[in-house]
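Trainee: Here's a structure for you.
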Amino acid sequence: MFISKVKPDMKSLLYFFDNKHNFFTKVDVYFTHNDQQLKAVLLWPFRRGVFVPECFEVFYNGGWHPKKGQHFVHLYAEALTVNKQMHELVEKIKASEKAAKLQLERKFNTIVQQVAKQIEHNLNQHVPTVCKVSEDYLYINVTMCIGDIEETGRLEMNNYVHHHTNINEAVAQFAKEYTSKLLEQIPRRKQLHAVNSKPEPIYVTTVPTPNPLAQKDLGQQMLCVSVHCEGYCSTCNEIVIDSVDGNRQINLHHLSYYKGECIVNIVGDNVVCPTCHAVVPKDNVTIVDTNKNELVIKRKLSELTFMGTDKEEIGAIIRTVLYDYTEEMKSFWQAYCFVATQNWDVYSQELTVQELQWALKDHIEHLPNTKQGLLTEIQKLEEKDRQAVWQKANETIVRYYSDITVFGWDIPQAIKLIGQNRAAFIFSNLCMSQDLKEIRARKIGRYFMKYNEEIQRLETMINQQHKQIQELRQESGRLSNKLGQAYERISSLEQTQQTHKTQERNKSDILKIQQLKGLIEELKTEVVSLSSQISHIPEEEELILTEEVTKQEVISRGDVLRGKTILILGGYRDKQVQSKDNYTVITHTARTIDPAFYEALKQADIIIILTRYISHRAMWEAKEFAILEEKVVYYSTFTNVPAILDEVVSKVVDRSS
């Protein structure tokens, strides 16, 4: 086998940013088969990573001729691609591709930088101008001070640069073209400023992109459009066109990365007629597919989203569409799936056949062909599977509406495609900045005025639960620290005992060690409990301790509690009073750990914990304090003070006996 004429086809090696073209490496491979001299012409397209046979030729009668038939193509191509020489060639081609790409990239970047400098120099002779090259070198941002107003625009560097392009000639040509266009705009802008003394209004529209539920096959990957405004000049009896963007490119397969390109800013209400120089009001904004030379959409200026007049503030608001809301979307999905499963019959009816098939394919081996059959299957799902299926079914459409942003939502179309309930939830709850939420409220208000208040209540409840879960996780961390502190105290006490081996062990210290070890085991259990997933957290309720007299026990409270201060932790009592039997009952809600909490612990001889109405932190603080200060702790589930005291008296007597 002999390989020859390996060379990049540099004539087709176009400016590498252009997604509409690809260059390739062409290879002639000579080989023999069945005593025939053969030649394969192979192409290695840039970035494809595989050879594509262009043609096969056979040598006879002193020349090369196309080999007839197609049955041999696959066999020859497979045999050639596994050949060792071909593998070595592939590595060389990849290296040459990289070198060619870098060569073009450096040349293009150099041209753009020099064009920006030349334009800035040319325009500064007329108006103060600053030109800055974008990070990707695809644009030159031009800022001109026309009168007292600063105007900012961008020049698209969509020019082809070949390997043989002369840098100086290209810079001179491009700078001359762009300078000429900008100079034409200066008198028109001055005229508009004279007519409009106030700051110009700014509107926002978007480039329409195919809805994945309305159009299964997106067709072309790159959508290339031009945007311009139109107005009618009655003097000249002709349409006046004002270009906004001549070449905007959007990758439809990666829409998330092109959110910014989908948004179009329209500045000002008027345009100047180039013939009679009359100021003409803008009527429409037109978007044209430049590949197909077809109209994409024509919108009236009055239909666009009015943003205000402050360019910097509006720019900051629009940039928030680029934020990453991955974490926030977890809460969205939890709420969306919960609401859907609670209203399963209604919500599942709104799924399309396409969504049902996609969501059920991992749960059902043989999928029905009809929507009714699919709906029958989805009704059979167990509760635990419904949320996962619902999220999978909705992921595509939710991502689409998130990618096109609130500015691109077509609410009537969405209601037809995904149903009233789904549209209401998605558009009302998709994550966005506070400024965009205000725009959303204006946009969806008239479509969802009767939006179910229950959904909003459920969303509030879920947010509260998330907050409580976070607080419990923090509490878990704090209890872990308590574990460490308890271990340190035990170690200290045990070391003290080791130092006085010959002395009689202090019974109080031994008891403290045992109690602290017991506290550690309880803390470990509590940490594990808090670390587990929390499926439901009931809302906190405020406990009011009651004073109704209960049936008198045989044992007198006064005999047991006389002279003592009893602290009840949990619940609220209007007043702290001393009883006729000379014992005092004080209470603390234990909802917060404040100085009054610790003061009450110090005053108490007996501590009573109402287990159902006290925070985790307060309970562990009280337990630790009681162990270290050698105070007695009792637990109760009652809410009536006399009943609580009778229960404790009974326990005290049992303990004494």
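Trainee: Go through (1) in a loop (DSSP other than H, G, I, E, B); (2) surrounded by 14 or more Cβ atoms within 10 Å (Cβ to Cβ); (3) at pLDDT 80 or above and name the single condition Glu553 misses.
Mentor: For Glu553, the failing item is (3).
For every residue, the table says whether it meets (1) part of a loop (DSSP other than H, G, I, E, B); (2) in contact with an Asp or Glu (Cβ under 9 Å, 6 or more places away or on another chain); (3) more than 20 Å from Lys94 (Cβ to Cβ); (4) at pLDDT 85 or above.
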site: Tyr15; (1), (2), (3), (4): yes, no, yes, no
site: Asn19; (1), (2), (3), (4): yes, no, yes, no
site: Asn22; (1), (2), (3), (4): yes, no, no, no
site: Val29; (1), (2), (3), (4): no, no, no, yes
site: Pro53; (1), (2), (3), (4): no, no, no, no
site: Val58; (1), (2), (3), (4): no, no, yes, yes
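Trainee: Examine region 574-583 for a residue that is of a type outside the set (S, T, N, Q), at pLDDT 80 or above and surrounded by 14 or more Cβ atoms within 10 Å (Cβ to Cβ), and state whether such a residue exists.
Mentor: Yes: region 574-583 contains one or more residues that are of a type outside the set (S, T, N, Q), at pLDDT 80 or above and surrounded by 14 or more Cβ atoms within 10 Å (Cβ to Cβ).
Trainee: Considering region 403-415 alone, what residues qualify as being open to solvent by less than 40 Å² (accessible area, probe 1.4 Å) and out of contact with any Leu (no Cβ under 6 Å at 6 or more places or on another chain)?
Mentor: Narrowing region 403-415 to residues open to solvent by less than 40 Å² (accessible area, probe 1.4 Å): 403-409, 411, 414.
Once the filter is applied, which keeps residues that are open to solvent by less than 40 Å² (accessible area, probe 1.4 Å) and out of contact with any Leu (no Cβ under 6 Å at 6 or more places or on another chain), region 403-415 yields Ile404, Thr405, Phe407, Gly408, Trp409, Ile411, Ala414.
Trainee: What pairs come up if the first residue lies in region 393-410 and is under 21 Å from Thr341 (Cβ atoms), the second is part of a loop (DSSP other than H, G, I, E, B) and modelled with pLDDT under 90, and their beta carbons are under 7 Å apart, counting only those six or more places apart or on different chains?
Mentor: Close Cβ pairs satisfying both conditions: Thr396/Pro212; Ile397/Pro212; Ile397/Leu213.
Trainee: Regarding Leu213, is this residue exposed (fewer than 13 other Cβ atoms within 10 Å of the Cβ), farther than 29 Å from Glu312 by Cα, of a type outside the set (S, T, N, Q) and at pLDDT 85 or above?
Mentor: Against the criterion (exposed (fewer than 13 other Cβ atoms within 10 Å of the Cβ), farther than 29 Å from Glu312 by Cα, of a type outside the set (S, T, N, Q) and at pLDDT 85 or above), Leu213 does not qualify.
Trainee: Would you please list the contacts, defined by Cβ atoms under 7 Å and residues six or more apart or on different chains, that run from a residue in region 363-376 that is within 11 Å of Val353 (Cα to Cα) to a residue that is open to solvent by 90 Å² or more (accessible area, probe 1.4 Å) and polar (S, T, N, Q)?
Mentor: These pairs meet every condition: Leu375/Gln349.
Trainee: Is it the case that some residue within region 298-311 is more than 30 Å from Val207 (Cα to Cα) and surrounded by 12 or more Cβ atoms within 10 Å (Cβ to Cβ)?
Mentor: Scanning region 298-311 turns up no residue that is more than 30 Å from Val207 (Cα to Cα) and surrounded by 12 or more Cβ atoms within 10 Å (Cβ to Cβ).
Trainee: Return only the number of the condition from (1) modelled with pLDDT under 90; (2) open to solvent by less than 80 Å² (accessible area, probe 1.4 Å); (3) in contact with a helix residue (DSSP H, G or I) (Cβ under 7 Å, 6 or more places away or on another chain); (4) closer than 26 Å to Gly408 by Cβ that Pro368 does not satisfy.
Mentor: Failed condition: (4).
Trainee: Being of a type in the set (Val, Ile, Thr) and surrounded by 14 or more Cβ atoms within 10 Å (Cβ to Cβ) is the filter here; which residues of region 59-86 pass it?
Mentor: Val73, Thr81
For (1) hydroxyl-bearing (Ser, Thr, Tyr); (2) part of a helix (DSSP H, G or I), each residue gets a yes or a no:
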| site | (1), (2) |
| --- | --- |
| Lys68 | no, no |
| Tyr76 | yes, yes |
| Met86 | no, yes |
| Lys94 | no, yes |
| Ala99 | no, yes |
| Gln103 | no, yes |
| Phe108 | no, yes |
| Ile111 | no, yes |
| Val115 | no, yes |
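Trainee: Let me ask something else about it. Is it true that some residue in region 167-181 is of a type outside the set (Ser, Thr, Tyr), within 28 Å of Glu312 (Cα to Cα) and at pLDDT below 90?
Mentor: Yes, there is a match, as at least one residue in region 167-181 is of a type outside the set (Ser, Thr, Tyr), within 28 Å of Glu312 (Cα to Cα) and at pLDDT below 90.
Trainee: Going through region 224-256 one residue at a time, which ones are hydroxyl-bearing (Ser, Thr, Tyr), under 41 Å from the mean Cα position of the chain (by Cα) and part of a strand (DSSP E or B)? Spell out the reasoning first.
Mentor: To start, the set of residues in region 224-256 that are hydroxyl-bearing (Ser, Thr, Tyr) comprises 226, 232, 234-235, 243, 256.
Filter again for under 41 Å from the mean Cα position of the chain (by Cα), leaving 226, 243, 256.
Correct list: Ser226, Ser243.
Trainee: Could you list, in sequence order, the residues of region 591-610 that are of a type outside the set (S, T, N, Q) and at pLDDT below 85?
Mentor: Matches in region 591-610: Arg591, Ile593, Asp594, Pro595.
Trainee: Restricting to region 596-640, what's the tally of residues that are within 15 Å of Lys564 (Cβ to Cβ) and assigned to a helix (DSSP H, G or I)?
Mentor: Count: 6.
Trainee: A follow-up question, please. Restrict the check to region 415-423 and report whether at least one residue is of a type in the set (Lys, Arg), under 23 Å from Ser256 (Cα atoms) and in contact with a helix residue (DSSP H, G or I) (Cβ under 8 Å, 6 or more places away or on another chain).
Mentor: Yes; the residues of region 415-423 include at least one that is of a type in the set (Lys, Arg), under 23 Å from Ser256 (Cα atoms) and in contact with a helix residue (DSSP H, G or I) (Cβ under 8 Å, 6 or more places away or on another chain).
Trainee: Right, here's the next one. Working only within region 371-391, note down all residues that are of a type in the set (Val, Ile, Thr), buried (at least 17 other Cβ atoms within 10 Å of the Cβ) and either over 20 Å from Ala423 (Cα atoms) or at pLDDT below 90 (or both).
Mentor: Residue satisfying the conditions is Ile378 alone.
Trainee: Going through region 294-319 one residue at a time, which ones are in a loop (DSSP other than H, G, I, E, B) and at pLDDT 90 or above? Working first, answer last.
Mentor: If we filter region 294-319 for residues that are in a loop (DSSP other than H, G, I, E, B), which is where we start, we get 304, 309-310.
Matches in region 294-319: Leu304 only.
Trainee: Moving to a separate point now. Kindly check whether there is at least one residue in region 126-138 that is of a type in the set (D, E, K, R), loosely packed, with under 14 Cβ neighbours inside 10 Å, under 30 Å from Val27 (Cα atoms) and free of Cβ contacts under 8 Å to residues at least 24 places away in the same chain.
Mentor: no
Trainee: So Thr587 passes all but one of these: (1) in a helix (DSSP H, G or I); (2) open to solvent by less than 30 Å² (accessible area, probe 1.4 Å); (3) farther than 24 Å from Asp654 by Cα; (4) modelled with pLDDT of 85 or more. Which condition number does it fail?
Mentor: For Thr587, the exception is condition (1).
Trainee: I want to confirm something. Restricting to region 607-657 and keeping residues that are charged (D, E, K, R) and closer than 19 Å to Thr584 by Cα, which single residue is least open to solvent (accessible area, probe 1.4 Å)?
Mentor: Let us first name the residues in region 607-657 that are charged (D, E, K, R), namely 612, 617, 621, 623-624, 629-631, 646-647, 651, 654-655.
If we keep only those that are closer than 19 Å to Thr584 by Cα too, we end up with 631, 646-647, 651.
On the way: Lys631: 48, Asp646: 13, Glu647: 49, Lys651: 76 Å².
Taking the candidates together, the pick is Asp646.
Trainee: On the given criteria, is Lys282 over 30 Å from Cys431 (Cβ atoms) and either touching a residue at least 60 places away in the same chain (Cβ under 8 Å) or open to solvent by 40 Å² or more (accessible area, probe 1.4 Å) (or both)? Step through it out loud before you land on a result.
Mentor: Working: over 30 Å from Cys431 (Cβ atoms): yes; either touching a residue at least 60 places away in the same chain (Cβ under 8 Å) or open to solvent by 40 Å² or more (accessible area, probe 1.4 Å) (or both): no.
Judged against the criteria, Lys282 is not a match.
Trainee: Only one of (1) touching a Cys at 6+ places or on another chain (Cβ under 9 Å); (2) closer than 28 Å to His164 by Cα fails for Thr129. Which number is that?
Mentor: Status for Thr129: all satisfied but (2).
Trainee: Also, quick follow-up: Any chance you could count how many residues in region 312-340 are open to solvent by less than 20 Å² (accessible area, probe 1.4 Å) and polar (S, T, N, Q)?
Mentor: Qualifying residue count for the region: 1.
Trainee: Also, I was wondering about something else. For region 33-51, what are the residues that are of a type outside the set (Gly, Ala, Ser) and modelled with pLDDT of 80 or more?
Mentor: To start, the set of residues in region 33-51 that are of a type outside the set (Gly, Ala, Ser) comprises 33-39, 41-48, 50-51.
Answer for region 33-51, where residues must be of a type outside the set (Gly, Ala, Ser) and modelled with pLDDT of 80 or more: His33, Asn34, Asp35, Gln36, Gln37, Leu38, Lys39, Val41, Leu42.
The values are calculated or read from the model by the stated rules, or taken from the named source; none is laboratory data. Predicted model only: the values in this text are computed from it and were never measured. Methodologically, a virtual Cβ is constructed for each residue, glycine included, from the backbone with ideal geometry; neighbour enumeration extends over all protein chains shown. SASA here: full protein model, heavy atoms, side chains in, ligands and nucleic acids out. Shrake-Rupley method; radii C 1.70, N 1.55, O 1.52, S 1.80 Å.
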